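Heads up: the structure comes next, in structure tokens.
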Amino acid sequence: MSVKHESSKRLVFNQLGTSTQKTIDLVVLNLMPNKLETEGQLLDLFAGLPENLTLTFLYPRTHHFKSHVLPYLKTSYATLPEIATNDYDGLIITGAPVETLDYADVDYWPEFTEILDWAQQHVRQNLFICWAAQAALYAQYGIEKYAVRPKVFGIFEHHTTAGSSLLAHLPHHFYMPHSRHTTLQSSDIRAQADLNLLVDDVNVGPVIIQSRDQRQTFITGHPEYAQNTLAQEYQRDLANGIPITLPENYFYGNDANSRVLERWHASGQQIVANWLQQL
């Protein structure tokens, strides 16, 4: 796979030997604080896939960023007005560390819903991750989130069900990282005739949800997380004096000084590959 900048705000992925294959155009609204780290995690998910891809990264222009981030965003990212007339195959919206806030208190909430409305006419499929999944379900279906203590934090085993192309080729038992202070109620999802609850979990709540037309996919975990991401979050909160539990099923022997048990990346890649295949 080769990666190049076609322009300052567009990444192109050409898989070796597939230059004649149709290119899938994706737009990514990156809401995570560490933009470069999240970009790298997403690119790792796409590595090795057969599709040729272009990625355009977006940032919310109404968010109050720290001043040192803005120069990079203005040169490498786009805003909605800059791409408003374009059409894309897929939209990915990442998580964001704002789940303890009411949606209306998130400074870019009106812009978030504006992007959802824009996508209805300009994007074929949407993929929402973690907070974005909860936020999109609230904006589109009125489904509420619920606070949990302690936070959902660790690597959790999930079970696939037959009949969904999004879960094709996954093992019956697969793992996914979770890191969030809120959850959803399974009954709220099942009450919506337009939604399929594909993966549910008694410990962490609904995990993967999809609209019946497959245009909307909601994942409440972090399939993109790198091997050390939860360790970094754990150490960050400890250093800042924020109450935090050891991430579950993450360190060998549940010892923070031991190695990380990485067992989710291949499943994350498969889910993303299946999502792209649905296009």
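The values are calculated or read from the model by the stated rules, or taken from the named source; none is laboratory data. What you see is a predicted model; the values in this text were computed from it and never measured. A quick note on method: Cβ atoms are made from the backbone with ideal geometry, for glycine too, and the neighbour counts reach across all protein chains shown. In case anyone asks, the SASA skips ligands and DNA or RNA and just uses the protein heavy atoms, side chains included. Shrake-Rupley method; radii C 1.70, N 1.55, O 1.52, S 1.80 Å.
Go through 119-131, 78-90, 168-180 and give me the packing order, highest mean Cβ count within 10 Å leading.
Descending packing order for the listed peptides: 119-131, 168-180, 78-90.
Quick one: with all protein chains in place, what share of the accessible area of the chain is carbon or sulfur, to the nearest percent (1.4 Å probe)?
Its accessible area is 50 percent carbon and sulfur atoms.
Using a 1.4 Å probe, what is the accessible area per residue for the chain, in Å²? Please report the intermediate quantities before stating the final value.
Details: 12650 Å² over 279 residues.
Using a 1.4 Å probe on heavy atoms only, each residue of the chain averages 45 Å².
List, in order, the whole-Hz ³J(HN,Hα) value for each residue of segment 217-230 obtained from phi through the Karplus relation with A = 6.51, B = -1.76, C = 1.60 and θ = phi - 60°; use x for Gly and Pro.
Each residue of segment 217-230 in turn: 10, 10, 10, 7, x, 10, x, 8, 4, 7, 4, 9, 4, 5 Hz.
Can you list the trypsin sites (Lys or Arg not before Pro) in segment 11-104 that are in a DSSP coil and have 11 or fewer other beta carbons within 10 angstrom?
On the way: sites: Lys22, Lys35, Arg61, Lys66, Lys74; in loops: Lys22, Arg61, Lys66.
Here the sparse-neighbourhood loop sites are Lys22, Lys66.
As a test question: what accessible area, to the nearest 10 Å², does Ser187 have when a 1.4 Å probe is rolled over all protein chains in place?
Its heavy atoms expose roughly 80 Å² to the probe.
Sum up the charges of everything whose Cβ sits under 13 Å from the Cβ of Ile83, counting Lys and Arg as +1 and Asp and Glu as -1, but leave Ile83 out.
Neighbour charge sum, excluding Ile83 itself: -1.
Mind telling me which of Glu262, Glu39, Glu114 comes out most flexible in a GNM of the chain, alpha-carbon contacts under 10 Å?
Glu114
Using a cut-off of 19 Å between alpha-carbon atoms, which lysines can reach Lys66, once sequence neighbours fewer than 8 places away in the same chain are excluded?
Qualifying lysines at Cα under 19 Å: Lys35, Lys74.
First check a/c for the chain, with a ≥ b ≥ c the square roots of the eigenvalues of its C-alpha gyration tensor; if it is under 1.5, answer rounded, and if not, answer prolate when a/b is larger than b/c or oblate otherwise.
Note, shape of the chain comes out rounded.
As a test of reading the structure, rank Tyr77, Tyr59, Tyr146, Tyr141 by solvent-accessible area (1.4 Å probe, protein chains only), most first. Write down the numbers at each step before the final one.
Details: Tyr77 0, Tyr59 25, Tyr146 90, Tyr141 50 Å².
The most accessible residue leads, giving Tyr146, Tyr141, Tyr59, Tyr77.
In deg cm²/dmol and to the nearest 500, what is the mean residue ellipticity at 222 nm of the chain if only DSSP H runs of at least 4 residues count, each as -39500 (n - 2.57), divided by the residue total? Please list the in-between numbers first.
Numbers: 8 runs with 77 residues, N = 279.
Only helices count here, giving -8000 deg cm²/dmol.
How high is the relative contact order of the chain, in percent, with contacts defined as C-alpha pairs under 8 Å that are six or more residues apart?
16 percent
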